[in-house]
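Please read the structure below before turning to the comments.
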Amino acid sequence: MRFVKSFRRSRLQKQRQAPYVWGNIRFVSKNAAQTKEYSALNPFSLLTRTELPPEYRVLIDKFPRAEWGAVHTIGMLGQFWLDRHDGFRQFSAVLDEATDKALEGQVQPGEFAQWFAPRLNHFLGALNGHHQIEDYQYFPLFMAADGRLKGGFELLEEDHHLIHDMLARNASAANDFIRALQSETGEDPRKALEQYALEAKGLLKGLERHLEDEEDLILPLLMEQGEDKFGHY
Ligand SMILES: [Fe+2]
Ligand SMILES: [Fe+2]
């Protein structure tokens with residue numbers, strides 16, 4: 001019994017010393033270059049566009065953001081979507097700030113790893129879950145509700161694939177950093193931290209674009225057609 005307890009304790013201590021980021025994920029592309037190559041074929045890819053393509057702006061031009069909540073009411077479903085996205089934005093900002101502090105040496109790498117691994121796990125998992133609900137539950141309903149926006153929702157689905165690639169590379173770079181920290185061969189974790197920061201910043205930039213464009217498609221559609229027919233999130 002004492003052996004089991006001490007075994008468990010040592011395993012827990014090991015886990016505490018060795019945070020691991022998001023193991024249950026498969027890569028779509030193997031590296032950032034492949035994602036870029038893929039994006040170069042599409043001028044409206046997540047990595048290149050600055051807003052929704054004009055043909056999918058029919059409703060956002062009719063229901064501009066400046067009028068949301070003032071002239072046009074935001075219902076519970078729309079508000080939930082905005083809140084969920086704002087949560088991702090806030091989480092991204094906190095992770096980004098902490099990464100910058102680690103890069104600048106204001107936080108020790110080991111301390112940073114202990115702090116960021118569980119938070120990054122939570123962030124990546126929540127984002128992945130949110131995309132699945134959109135892809136499988138809501139986007140088919142939205143596409144059927146207004147055929148003019150179908151291509152816009154397909155573009156957002158493509159974004160999800162690209163973001164999934166970036167999530168996977170983020171997790172991989174985070175684990176490389178954690179491994180470098182634990183390495184007994186004198187490997188400099190700084191290089192791995194810089195690579196992680198590069199992947200993380202790419203993900204956050206792509207995510208910002210995606211969240212805004214998605215809101216520009218979904219919120220006006222809910223305002224025009226009413227929320228009741230789409231159910232609850
Ligand atoms: Fe999305
Ligand atoms: Fe979303």
Check your understanding: Is it true that Asp165 is modelled with pLDDT under 90 and away from ligand 1 (no atom under 11 Å from the Cβ)?
Key -> yes
**Study point:** Of residues in region 123-163 being under 18 Å from the mean Cα position of the chain (by Cα) and of a type in the set (S, T, N, Q), the one farthest from His85 (Cα to Cα)
**Key:** Gln132
Study note, to complete from the structure: Checked Ala200, Ala192 against criteria (touching a Leu at 6+ places or on another chain (Cβ under 9 Å), more than 22 Å from Thr48 (Cα to Cα), modelled with pLDDT under 95 and not polar (S, T, N, Q)); the one match is Ala192
Point to revise | Which numbered condition Gly125 fails, given (1) touching a residue at least 12 places away in the same chain (Cβ under 8 Å); (2) within 16 Å of ligand 1 (Cβ to nearest atom); (3) closer than 26 Å to Thr48 by Cβ | key: (3)
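Residue by residue, here is whether (1) part of a loop (DSSP other than H, G, I, E, B); (2) under 24 Å from Gly125 (Cβ atoms); (3) among the hydroxyl-bearing types (Ser, Thr, Tyr) holds:
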| residue | (1), (2), (3) |
| --- | --- |
| Ala66 | no, no, no |
| Ala70 | yes, no, no |
| Leu82 | no, yes, no |
| His85 | no, yes, no |
| Arg89 | no, yes, no |
| Thr99 | no, yes, yes |
| Val107 | yes, yes, no |
Exercise for review: Give the residue that is farthest from ligand 1 (Cβ to nearest atom), with candidates limited to residues of region 195-204 that are touching a helix residue (DSSP H, G or I) at 6+ places or on another chain (Cβ under 7 Å) and either among the acidic types (Asp, Glu) or free of Cβ contacts under 8 Å to residues at least 40 places away in the same chain (or both).
Suggested key: Gln195
Exercise for review: Scan region 142-158 and give yes if some residue there is touching a residue at least 12 places away in the same chain (Cβ under 8 Å), more than 28 Å from His232 (Cβ to Cβ) and assigned to a helix (DSSP H, G or I), otherwise no.
Suggested key: no
Review point. What single numbered condition from (1) more than 16 Å from ligand 2 (Cβ to nearest atom); (2) outside any helix (DSSP H, G or I) fails to hold for His232?
Key: (1)
Check your understanding: Just checking, which of Leu219, Leu181, Leu207, Leu211 is within 15 Å of Phe116 (Cβ to Cβ) and either over 12 Å from the mean Cα position of the chain (by Cα) or touching a residue at least 12 places away in the same chain (Cβ under 8 Å) (or both)?
Key -> Leu181
Review point. If you check Leu219, Leu203, Leu193, which single one turns out to be crowded, with 21+ Cβ neighbours inside 10 Å, within 15 Å of ligand 2 (Cβ to nearest atom) and within 22 Å of Asp96 (Cα to Cα)?
Key: Leu203
Practice item. Sort out which residues of region 57-109 are surrounded by fewer than 15 Cβ atoms within 10 Å (Cβ to Cβ), over 30 Å from Asp188 (Cα atoms) and without any contact (Cβ under 8 Å) to a residue 60 or more places away in the chain, and write them in order of number. Key: Asp61, Pro64, Ala66, Glu67, Gly69, Ala70, Val71, Asp83, Asp86, Gly87, Gln90
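The values are calculated or read from the model by the stated rules, or taken from the named source; none is laboratory data. Keep in mind that this is a model prediction, so the values were computed, not measured. FYI the Cβ positions are ideal-geometry reconstructions off the backbone, even for glycines, and counts take in every protein chain you see.
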